[in-house]
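Q: Just passing along the structure, written as structure tokens.
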Amino acid sequence: QVQLVESGGGLVQTGDSLRLSCAASGLTFHIYAIGWFRQAPGKEREFVAAINWSATNTYYADSVKGRVTISRDNAKNTAYLQMNSLKPEDTDVYYCAASRFTWLGTADFRHWGQGTQVTVTA
């Protein structure tokens with residue numbers, strides 16, 4: 001059974017940093033690309049960042065580029081999203097997802113975690 005479990009969210013203030021973790025099990029982690037997405041109330045799910053299986057390629061949404069860093073530790077079957085200079089508009093439920101080998105779009109991420117809440121106060 002494939003399972004992705006996010007952690008690291010919480011209530012922070014503007015300018016704070018958080019490091020989200022995505023622990024994977026039930027899959028051969030190192031052949032999966034990992035993506036991070038977020039969804040706020042009244043909004044559609046938004047792509048945040050993705051990293052390929054070997055961590056040689058990363059991609060960031062324009063809205064977060066320069067403030068977030070995606071990484072992975074294949075030995076620990078864990079991916080991370082380091083978020084700095086957080087803003088209230090970053091308030092969302094953050095989800096990690098896995099796509100076998102690579103990805104072209106959201107539909108390629110077939111496995112999803114349950115999400116972790118990030119709340120940024122002004």
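Rundown of residues vs (1) touching a strand residue (DSSP E or B) at 6+ places or on another chain (Cβ under 8 Å); (2) open to solvent by less than 10 Å² (accessible area, probe 1.4 Å), yes/no style:
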site	(1), (2)
2	yes, no
13	yes, no
22	yes, yes
32	yes, no
42	no, no
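Q: Within region 10-122, which strands (runs of 3 or more DSSP E) (wholly inside it) include 1 or more residues that are acidic (Asp, Glu)?
A: Of the strands (runs of 3 or more DSSP E) lying wholly inside region 10-122, those with at least 1 residues that are acidic (Asp, Glu) span 46-51, 68-73, 92-100.
Q: Residues that are surrounded by fewer than 16 Cβ atoms within 10 Å (Cβ to Cβ) and in contact with a Phe, Trp or Tyr (Cβ under 7 Å, 6 or more places away or on another chain): does region 76-95 have at least one?
A: Taking every residue of region 76-95 in turn, none turns out to be surrounded by fewer than 16 Cβ atoms within 10 Å (Cβ to Cβ) and in contact with a Phe, Trp or Tyr (Cβ under 7 Å, 6 or more places away or on another chain).
Q: Kindly provide the set of residues from region 34-60 that are out of contact with any Leu (no Cβ under 8 Å at 6 or more places or on another chain), at pLDDT 95 or above and among the small types (Gly, Ala, Ser), ordered by number.
A: Selection gives 35, 50.
Q: Could you list, in sequence order, the residues of region 47-92 that are more than 17 Å from residue 34 (Cβ to Cβ) and not acidic (Asp, Glu)?
A: 63, 65, 66, 67, 84, 85, 86, 87, 88, 91
Q: Do we have any residue at all in region 64-72 that's modelled with pLDDT under 95 and either surrounded by 15 or more Cβ atoms within 10 Å (Cβ to Cβ) or out of contact with any strand residue (DSSP E or B) (no Cβ under 9 Å at 6 or more places or on another chain) (or both)?
A: Taking every residue of region 64-72 in turn, at least one turns out to be modelled with pLDDT under 95 and either surrounded by 15 or more Cβ atoms within 10 Å (Cβ to Cβ) or out of contact with any strand residue (DSSP E or B) (no Cβ under 9 Å at 6 or more places or on another chain) (or both).
Q: Let me ask another. Here are some conditions: (1) of a type in the set (Asp, Glu); (2) modelled with pLDDT of 95 or more; (3) out of contact with any Asp or Glu (no Cβ under 8 Å at 6 or more places or on another chain). Residue 92 meets all but one. Which one does it not meet?
A: Here residue 92 meets the rest and fails (3).
Q: Okay, moving on. Residue by residue through region 96-122, note down the ones that are open to solvent by 50 Å² or more (accessible area, probe 1.4 Å) and under 12 Å from residue 18 (Cβ atoms).
A: 117
The values are calculated or read from the model by the stated rules, or taken from the named source; none is laboratory data. It should be emphasised that the depicted structure is a prediction, and the values quoted were computed from it without experimental measurement. Note that we place each Cβ from the backbone using ideal geometry, even for glycine, and neighbour counts take in every protein chain shown. Just the protein is used for accessible areas: all its heavy atoms, side chains included, with ligands, DNA and RNA removed. Shrake-Rupley method; radii C 1.70, N 1.55, O 1.52, S 1.80 Å.
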